[in-house]
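FYI, it's all coordinate maths here, none of it is from the lab. Treat the numbers as computed from the prediction; the structure is a model and nothing was measured. Heads up, the Cβs are rebuilt from the backbone with ideal geometry, glycines too, and the neighbour counts pull from every protein chain shown.
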Amino acid sequence: MPQAKIVLKNCGIIDPKDINTYRTKDGFKALDKARGMTAAGVINEIKTSGLRGRGGAGFPCGVKWEGARNSPGDEKYVICNADEGEVGTFKDRYIIQNDPFSLVEGLAIAGYTVGARQGYIYLRAEYSYLLGLLRGAIDQAQEAGYLDGFNIAIRLGAGAYICGEESALMESIEGKRGESRYRPPFPTVAGLWQKPTTINNVETLMNVAQIVLNGGGWYAQMGTERSKGTKVFSVSGDVARPGVYEMVLGSPLRELVEGLAGAKDIKMIQIGGATGRIIPYDMIDTPLAFESYLGAGAITVYNKSRDVLDIVGRTMEFLAEESCGKCTPCRQGMEWMVEVLGRFHRGEGLARDIGYMEVLADTMALSSLCGLGQAAPFAVVDTLKYFRSDYEKGISGK
Amino acid sequence: MGDITLTMNGAAISGREGMTILEVARENGIDIPTLCYLKELTPIGACRLCVVEVEGSRMLVGSCHTPIAPGMVIQTHSPKVLEVRRVLIELMMASHPDSCIVCEAANCCELRMRATDLEVGLPRFRTRLRYFPLEDENSNIIRDMSKCILCRRCVTACYNTEGKKMFSLAYRGFESKVIYDLDKPVGSDETCRDCDTCISLCPTGALRQPIKFGQRKKGPVLYVKG
Ligand SMILES: Cc1cc2nc3c(=O)[nH]c(=O)nc-3n(C[C@H](O)[C@H](O)[C@H](O)COP(=O)(O)O)c2cc1C
Ligand code: SF4
Ligand code: FES
């Protein structure tokens with residue numbers, strides 16, 4: 001299964017500063033079409049398409065929208081998550097840089113469907129140089145009358161990875177400390193300012209206009225049983241051609257990493273960034289789909305010259321630094337992980353700590369408040385499974 | 001009888017709409033340990049000690065903030081749950097000073113009590129300690145943030161019951177800290193009233209009253225099992 005262009009269809013084709021070039025590529029036709037449909041009709045198309053969230057968790061988009069639509073209340077919100085904080089992801093940046101209009105259109109369709117008059121785009125502070133472009137796209141759409149009755153505001157993050165997590169993001173928009181909330185209540189019931197809210201990743205929303213125009217059935221032809229459509233991957237690390245690639249879901253990892261990106265001498269691949277999974281080279285024929293591994297589509301390739309403990313240690317340092325500090329397992333557990341991995345890296349590890357790491361990983365995965373703490377131990381768990389001897393070499397006296 | 005029926009530890013029980021798992025459990029005499037939770041306040045959900053197993057959920061579920069739903073099948077003391085609770089206590093102790101023997105709160109420390117109940121011995125996890133100088137200038141409160149386990153009771157209680165915001169949270173991850181003002185020590189002329197709310201709620205010895213001459217230590221003697 002090859003590359004395909006759905007999400008990136010207009011990238012490099014239109015002028016991201018000029019709405020007219022977007023119009024010639026069917027721009028805003030989907031929004032017009034959606035407004036001629038009932039909300040239930042739009043939700044039905046999205047559900048039929050099988051579109052799942054591209055921000056990492058893979059939640060069915062249609063179900064999310066339906067939830068917010070059916071929650072009681074006149075005041076509702078739709079949010080676009082452009083925080084793109086996951087290590088090794090840069091696809092949302094590429095999308096906004098090249099085609100901000102499709103994003104605006106997707107968010108406007110979400111707003112119409114959910115019944116929200118206000119939308120937010122939460123842009124990571126490091127992308128503040130995209131602010132002008134994004135504002136320009138919103139303003140042009142507004143002037144052209146596409147956003148009547150719907151307002152889009154941009155909120156800048158302040159450099160915290162946790163603020164990409166949906167509940168912390170909402171706290172941040174509300175002007176509070178970026179910390180996760182417990183769920184339930186889910187955002188579709190009580191999200192931003194405790195009002196029904198949907199939150200979607202940039203890439204998820206990029207698919208929406210295409211689905212509305214061409215129908216959910218068309219979209220559902222691509223991909224696998226439980227992963228429909230395409231996915232945009234950010235490939236980096238020890239590869240000859242790093243960059244953004246769009247592939248039909250279910251394509252083999254090998255095709256992307258060795259074929260398109262030209263990687264050689266691979267030792268292991270991290271799929272999904274810091275909170276993603278690590279697999280050894282033997283598993284390179286894994287299909288890229290929600291059924292196996294996907295995350296937000298960060299593919300970080302490490303060749304044989306890389307040191308496993310060094311990579312895992314730095315991944316854990318990142319996550320420890322970015323933990324919000326609210327819940328015990330994540331706050332305290334990450335600190336211990338970092339200290340212990342440092343000891344193994346220096347050859348001062350204790351044999352019993354390997355078992356303790358596994359015990360702690362279980363507790364973190366089972367009891368942390370949000371996805372950060374729940375997924376944080378993956379790098380340790382996976383490398384303990386596939387590269388255990390590297391840890392054993394780190395035991396003091398060996 | 002309530003209107004929502006569920007199964008807890010194999011027994012059919014019922015509760016009313018809007019109740020949390022914890023409330024229903026307590027009403028039925030099942031003791032789920034908690035640390036950050038306080039009956040009168042909005043749930044905090046930070047310590048995670050109250051987690052339980054709910055059938056159909058991959059993760060454990062915080063019982064102090066999760067409402068009951070019809071047909072829920074809950075295990076409050078399965079081996080999996082108990083092990084997680086033990087690790088959580090060990091993690092809280094991982095950076096807690098070993099000064100129990102001279103700590104004012106030693107005989108009424110909730111962390112110690114929970115550790116005893118769960119039969120936690122020497123913690124498997126040790127991290128660096130967090131040292132902060134003692135804040136003892138105010139005549140109503142002494143703060144020793146080295147002992148704080150970040151349960152946030154003081155932050156929530158001050159706001160919810162006194163309508164004040166003496167404390168808030170700053171920094172992140174392991175560096176998180178309950179701060180006063182812009183991370184200043186509580187000084188002698190600060191506005192804190194001697195309402196005692198936070199002091200009486202702090203589960204550890206992090207907050208206490210300055211001892212006045214002739215005053216007795218608070219709390220009953222702690223009997224350690226085994
Ligand atoms: C620690 C953490 C960081 C996250 N960062 C992002 C992010 O930068 N961008 C994003 O779209 N989703 C991020 N997510 C996922 C969001 O919580 C949420 O699932 C997503 O925005 C929902 O949109 P989707 O259904 O369209 O994927 C993060 C999740 C966690 C736990
Ligand atoms: S000072 Fe006491 S009450 Fe406040 S967060 Fe720390 S341990 Fe909890
Ligand atoms: S008592 Fe429920 S999370 Fe602390």
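Once you place label points 7 Å from the Cα toward the Cβ at B:Gln209 and A:Ala153, how far apart are they in nm?
Between B:Gln209 and A:Ala153, the label points sit 4.6 nm apart.
For a 32 Å ceiling on Cα separation, which of these pairs sit above it: A:Lys393/B:Lys177; A:Lys29/A:Lys91; A:Lys91/B:Lys165?
A:Lys393/B:Lys177; A:Lys91/B:Lys165
If you add up the charges near A:Gly229, with Lys and Arg at +1 and Asp and Glu at -1, over every other residue whose beta carbon is less than 15 angstrom from its beta carbon, what do you get?
+4
Quick query: amide H of A:Phe233 versus all other amide H atoms, modeled in the peptide plane; which residues come in under 5 Å with a sequence gap of 5 or more or a different chain?
A:Tyr245, A:Glu246, A:Met247
Rounded to the nearest 0.05, what FRET efficiency do A:Arg241 and B:Thr116 give with R0 = 60 Å and r taken as the Cβ-Cβ distance? Could you check?
0.50
I need the phi-derived Karplus couplings for the stretch B:135-145: 6.51 cos²θ - 1.76 cosθ + 1.60, θ = phi - 60°, integer Hz, Gly and Pro marked x.
My calculation for the stretch B:135-145 gives 9, 10, 8, 7, 7, 10, 8, 10, 10, 10, 5 Hz in order.
Taking Cα pairs under 8 Å and at least six residues apart, what relative contact order does the stretch B:3-77 come out at, in percent?
40 percent.
Treating each Cα of the stretch B:88-208 as an identical point scatterer and ignoring solvent, apply the Debye formula and state log10 I(q)/I(0) at q = 0.11, 0.21, 0.22 Å⁻¹.
Values returned for q = 0.11, 0.21, 0.22 Å⁻¹ are -0.36, -1.29, -1.40.
Taking the square root of 5 times each eigenvalue of the Cα gyration tensor, what semi-axes in Å does the equivalent ellipsoid of the protein assembly as shown have, largest first?
Working through the eigenvalues yields semi-axes of 44, 30, 23 Å.
What pairs in B:Lys39/B:Lys80; A:Lys25/A:Lys76; A:Lys176/B:Lys39; A:Lys64/A:Lys385 have C-alpha atoms more than 29 Å from each other?
A:Lys25/A:Lys76; A:Lys64/A:Lys385
Let me check the size of chain B from its C-alpha atoms; what are the radius of gyration and Dmax in Å?
Here Rg and the maximum Cα pair distance are 18.8, 57 Å.
Which of A:Leu350, A:Leu384, A:Leu366 sits farthest toward the positive end of the charge dipole of the stretch A:308-392, with +1 on the Cβ of Lys and Arg and -1 on the Cβ of Asp and Glu?
The residue sitting most towards the positive pole is A:Leu366.
From the phi of every residue in the stretch A:271-282, what ³J(HN,Hα) in whole Hz does the Karplus formula 6.51 cos²θ - 1.76 cosθ + 1.60 yield, where θ is phi - 60° and glycine or proline is x?
10, x, x, 4, 9, x, 9, 10, 10, x, 4, 3
Is the shape of the stretch A:126-264 rounded, prolate or oblate, going by the alpha carbon gyration tensor and its root eigenvalues a ≥ b ≥ c, with a/c under 1.5 for rounded and a/b larger than b/c for prolate?
It comes out prolate by the Cα gyration axes.
Fewest first, what order do B:Glu17, B:Glu190 take by the number of other Cβ atoms within 10 Å?
Ranking B:Glu17, B:Glu190 by Cβ neighbours within 10 Å, fewest first, gives B:Glu17, B:Glu190.
Which one, A:Gln142, A:Ala220, A:Gly53, is farthest towards the positive end of the dipole of chain A when Lys and Arg carry +1 and Asp and Glu -1 on their Cβ?
Result: A:Ala220.
Between B:Ser99 and A:Leu350, what is the spin-label point distance in nm, taking each point 7 Å from the Cα along the Cα→C-beta axis?
Computed distance between label sites B:Ser99 and A:Leu350 equals 2.4 nm.
Rounded, prolate or oblate for the stretch A:134-197? Axes are the square roots of the Cα gyration tensor eigenvalues, ordered a ≥ b ≥ c, and the cut-off for rounded is a/c under 1.5.
Oblate, since a/c reaches 1.5 and b/c is not below a/b.
Considering only DSSP states other than H, G, I, E and B, which GluC sites (Glu not before Pro) in the stretch A:322-365 qualify as loop sites with at most 16 other Cβ atoms within 10 Å?
A:Glu348
Amide H neighbours of A:Tyr120 under 5 Å, counting only residues 5+ apart in sequence or on other chains, H built in-plane at 1.01 Å?
Hits under the 5 Å cutoff: A:Val78, A:Ile79, A:Cys80, A:Ala153.
What ranking do B:Arg130, A:Arg23 get, fewest neighbouring Cβ atoms within 10 angstrom at the top?
A:Arg23, B:Arg130
Using the count of nearby Cβ atoms within 10 Å as a rough guide to exposure, how do A:Cys80, B:Cys148 rank from fewest to most?
Taking fewest neighbouring Cβ atoms as first place, the list is B:Cys148, A:Cys80.
Go through the stretch B:56-71 residue by residue and turn each phi into a ³J(HN,Hα) via Karplus (6.51, -1.76, 1.60, θ = phi - 60°); whole Hz please, and just put x for glycine and proline.
Along the stretch B:56-71, the couplings run x, 10, 5, 8, 6, 10, x, 6, 6, 10, 9, x, 6, 9, x, x Hz.
So what's the stretch B:3-77 giving for Rg/Rh, alpha carbon basis, Kirkwood Rh from the mean inverse pair distance?
For the stretch B:3-77, the value is 0.92.
Could you pull the Rg and Dmax for the stretch A:19-220, using just the Cα atoms, both in Å?
15.5, 45
Straight-line reach from A:Lys326: which aspartates and glutamates have a Cα under 15 Å away, not including same-chain ones fewer than 8 places off?
Straight-distance partners of A:Lys326: A:Glu165, A:Glu171, A:Glu179, A:Glu335, B:Glu175.
Given H placed 1.01 Å from N in the peptide plane, which residues other than close sequence neighbours of B:Leu207 have an amide H under 5 Å from its amide H?
B:Asp144
What shape does the stretch A:230-303 take by its C-alpha gyration tensor, where a ≥ b ≥ c are the square roots of the eigenvalues and a/c under 1.5 counts as rounded, a/b above b/c as prolate, and the rest as oblate?
It comes out rounded by the Cα gyration axes.
Largest first, please: the extent of the C-alpha atoms of the stretch A:308-392 along each principal axis, to the nearest Å.
Largest first, the stretch A:308-392 extends 32, 20, 19 Å along its Cα principal axes.
Mind putting a number on the dipole of the protein assembly as shown about its Cα centre? Charges go on the C-beta only, +1 for Lys and Arg and -1 for Asp and Glu, and I need it in Debye to the nearest 20.
Roughly 400 debye, rounded to the nearest 20.
Net charge near A:Ser180, counting Lys/Arg +1 and Asp/Glu -1 over other residues with Cβ under 14 Å of its Cβ?
Computed value for this residue: +2.
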